[in-house]
Amino acid sequence: MKALLLIDLQNDFCKNGALEVKEGDLVIPIANSLIKKFKENNDLILATKDWHPLTHKSFAKNSNGKIGEVGILNGLPQVWWPAHCVQNSFGSEFHPNLNSKDIDITIFKGTNNEIDSYSGFFDNGKFKKTELDQILKSKNIDTLYILGLATDYCVKFTVLDALELGYKVYLVEDGCRGVNLAPTDSSKSIEEMKDKGAIIIKSFQI
Ligand code: VGL
Ligand code: ZN
């Protein structure tokens, strides 16, 4: 069985958001068209939400870091981000044009102040698992179609963990956009996902 997994389609990663991803909004119609297809086929639709407390230590201001620079948070390398996706804020809501009523299950991540969580499956230290893997297994899902924001962080780490956990993964390339702290970060991420076994496709092929 297959499922659609939408990564962090939240206001803060879209136009005028706190951690705006260039062209982030352009993936919303692509997500909606796939939501429609999966719904028509009775396939499961899941989404992740980045869901930080105001006091999250990935925020530059909470760790005396400089936005965009890399530091260390509890022993792990950490990019310092502007405050974003604060729990229950407007920025943490799904993009208003996303057909979120057809999302069956939402997984919240990044809730622990002390560690960031890019992947929908694990925190960045792989100390704790979210409920995502158990949910997928309980519904006999072995194949994931993944898209969202941002290519070089949450999409990438979700895809790599899914592959390690044994899922067949299709990355919907036109449904992703990246932060690109360095200009080639997104294209390098796509190469890495491909090298590790992800099948790179365009939405029209589904
Ligand atoms: C993300 C940076 C910080 C993402 C989340 O959704 O890719 N990136 N938090
Ligand atoms: Zn975050």
I'm trying to understand the selection: among the residues of segment 57-72, which are under 21 Å from the mean Cα position of the chain (by Cα) and surrounded by fewer than 20 Cβ atoms within 10 Å (Cβ to Cβ)? A60, I67, G68, E69, V70
Assess whether T130 counts as being within 15 Å of ligand 1 (Cβ to nearest atom), in contact with a strand residue (DSSP E or B) (Cβ under 7 Å, 6 or more places away or on another chain) and closer than 21 Å to I28 by Cβ. no
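Per-residue answers, yes or no, for (1) within 13 Å of the chain's Cα centre (by Cα); (2) small (G, A, S):
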{"site": "D104", "(1), (2)": "no, no"}
{"site": "D116", "(1), (2)": "yes, no"}
{"site": "G125", "(1), (2)": "no, yes"}
{"site": "K128", "(1), (2)": "no, no"}
Pick from segment 84-94 the residues that are outside any helix (DSSP H, G or I) and buried (at least 20 other Cβ atoms within 10 Å of the Cβ): which of them is farthest from ligand 1 (Cβ to nearest atom)? F94
Qualifying position, being farther than 19 Å from L9 by Cα, β-branched (V, I, T) and without any contact (Cβ under 8 Å) to a residue 24 or more places away in the chain, among T143, T130, T184: T184
Just checking, how many residues over segment 1-56 are within 12 Å of L149 (Cα to Cα), open to solvent by 40 Å² or more (accessible area, probe 1.4 Å) and of a type in the set (F, W, Y)? 0
Kindly check whether there is at least one residue in segment 121-135 that is farther than 29 Å from K168 by Cα and in contact with a helix residue (DSSP H, G or I) (Cβ under 6 Å, 6 or more places away or on another chain). no
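The values are calculated or read from the model by the stated rules, or taken from the named source; none is laboratory data. In this text the structure is predicted, and so the values were computed from the model without any measurement. In this analysis, Cβ positions are derived from the backbone assuming ideal geometry, glycine residues included, and neighbour counts consider all displayed protein chains. Keep in mind that these areas ignore ligands, DNA and RNA; they rest on the heavy atoms of the full protein, side chains included. Shrake-Rupley method; radii C 1.70, N 1.55, O 1.52, S 1.80 Å.
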